[in-house]
Amino acid sequence: MIYKTGADFLGAGQKRVLLFGMSGLGKTHLSNLLREAGGWFHYSIDYRIGTRYMGEFIADNFKREAMKVPLLRELLMTDSVYIASNITFDNLAPLSTYLGKPGDPARGGVPFAEYAKRQAQHRDAEISALLDTPRFIDRAHDIYGYSNFVCDSGGSICEVVDAANPADPVMKTLSDTLLLVWIKGSEAHREELKRRFDRAPKPMYYQPDFLRALWAEYTDGKDAAAVDPDAFLRFGYARLLEHRQPRYAAMAKWGLTVTAEEVATVKDAAGFHALIATALDRHAAAA
């Protein structure tokens, strides 16, 4: 790890941290808090994916839908309108809408083959965005004068790395340049995430083999083209949480673990510094 003790971190002229874990446990909350406090550059992996790497796919999908409307089709064909996503750190809806849900198109789904293609695009984009992190650390310092850097990773980071492989290029790049911090949720947190997801299912990224097995299980004996997309997502979410836990735990061996309960007590940048310093000392004592 790039910091060995709490004192190392507190005394560092450049504090560089990557937060990872399931969506909904505080990664973006902490990142926003640090950015708003000043002195920290907030690098959002999902924002980078949705702008640099999948922005054209997203805009083309909007245009494809607009071409179905005669008025908009005429305006597009004459370059009279401009269509683009308005993605922000706090509103990633254009990205999730493009990623979509497999199933019945009449209920907002996309054919599974198209869904799998978009999943592959997301995987490539996420890996590229993660590998961009060192360049953004330099950019944040050289252009804007930020010494401190927080990488707000997506919940699917554990699906695109092989943390059990000491030569994994993404894990090596990240661990060489930042302190990796897992925000670990309790069983109670996982149950709350399930309840929240059940109320409003949202598109997710799945590791390819896991997705194929999940889809095969759910569609067994069903007409795949008529599947309720939200019902499939609800079916898979609890399994996805369980699938990701050991993958996050493997990543945590490259860095630190803090609990979602600890994160909930952080109110300002000083509290975040104290949280990380305490976790580093705890890790050193256990080594």
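The values are calculated or read from the model by the stated rules, or taken from the named source; none is laboratory data. Source: prediction; values computed, not measured. Cβ atoms come from the backbone with ideal geometry, glycine included; neighbour counts cover every protein chain shown. Side chains are part of the model used for accessible areas, which takes the heavy atoms of the whole protein and leaves out ligands, DNA and RNA. Shrake-Rupley method; radii C 1.70, N 1.55, O 1.52, S 1.80 Å.
Here is how the numbers come out for the structure above:
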| item | result |
| --- | --- |
| Some residue of the stretch 61-78 being surrounded by 13 or more Cβ atoms within 10 Å (Cβ to Cβ) and under 28 Å from R234 (Cα atoms) | yes |
| A167 open to solvent by less than 30 Å² (accessible area, probe 1.4 Å) and part of a loop (DSSP other than H, G, I, E, B) | no |
| Spans of helices (runs of 4 or more DSSP H) in the stretch 181-287 with at least 1 residues open to solvent by less than 70 Å² (accessible area, probe 1.4 Å) and either of a type in the set (S, T, Y) or under 30 Å from A167 (Cα atoms) (or both) | 208-219, 229-252, 260-264, 269-286 |
| The one condition in (1) in a helix (DSSP H, G or I); (2) touching a residue at least 40 places away in the same chain (Cβ under 8 Å); (3) of a type outside the set (D, E, K, R) that N61 fails to fulfil | (2) |
| Residue selected from the stretch 79-110 under the condition assigned to a helix (DSSP H, G or I) and open to solvent by less than 50 Å² (accessible area, probe 1.4 Å), by the criterion nearest to N32 (Cα to Cα) | A93 |
| Verdict on R244 being closer than 30 Å to K4 by Cα, modelled with pLDDT of 95 or more and among the charged types (D, E, K, R) | yes |
| Matching residues, the stretch 155-210, being touching a strand residue (DSSP E or B) at 6+ places or on another chain (Cβ under 9 Å) and within 26 Å of Y98 (Cβ to Cβ) | G155, I157, C158, L174 |
| Single unsatisfied condition, S31 versus (1) part of a loop (DSSP other than H, G, I, E, B); (2) surrounded by 23 or more Cβ atoms within 10 Å (Cβ to Cβ) | (1) |
| Which numbered condition L130 fails, given (1) among the aliphatic types (A, V, I, L, M); (2) surrounded by 20 or more Cβ atoms within 10 Å (Cβ to Cβ); (3) outside any helix (DSSP H, G or I) | (3) |
| Residue satisfying all of: in the stretch 193-222; modelled with pLDDT of 95 or more and among the aliphatic types (A, V, I, L, M); farthest from E126 (Cα to Cα) among these | A216 |
| Residue count for the stretch 133-153, restricted to those that are assigned to a helix (DSSP H, G or I) and out of contact with any strand residue (DSSP E or B) (no Cβ under 6 Å at 6 or more places or on another chain) | 8 |
| Some residue of the stretch 132-140 being of a type in the set (A, V, I, L, M, F, W, C) and under 15 Å from the mean Cα position of the chain (by Cα) | no |
| Residue in the stretch 145-164 that is farthest from the chain's Cα centre (by Cα), counting only those that are among the aliphatic types (A, V, I, L, M) and surrounded by 14 or more Cβ atoms within 10 Å (Cβ to Cβ) | A163 |
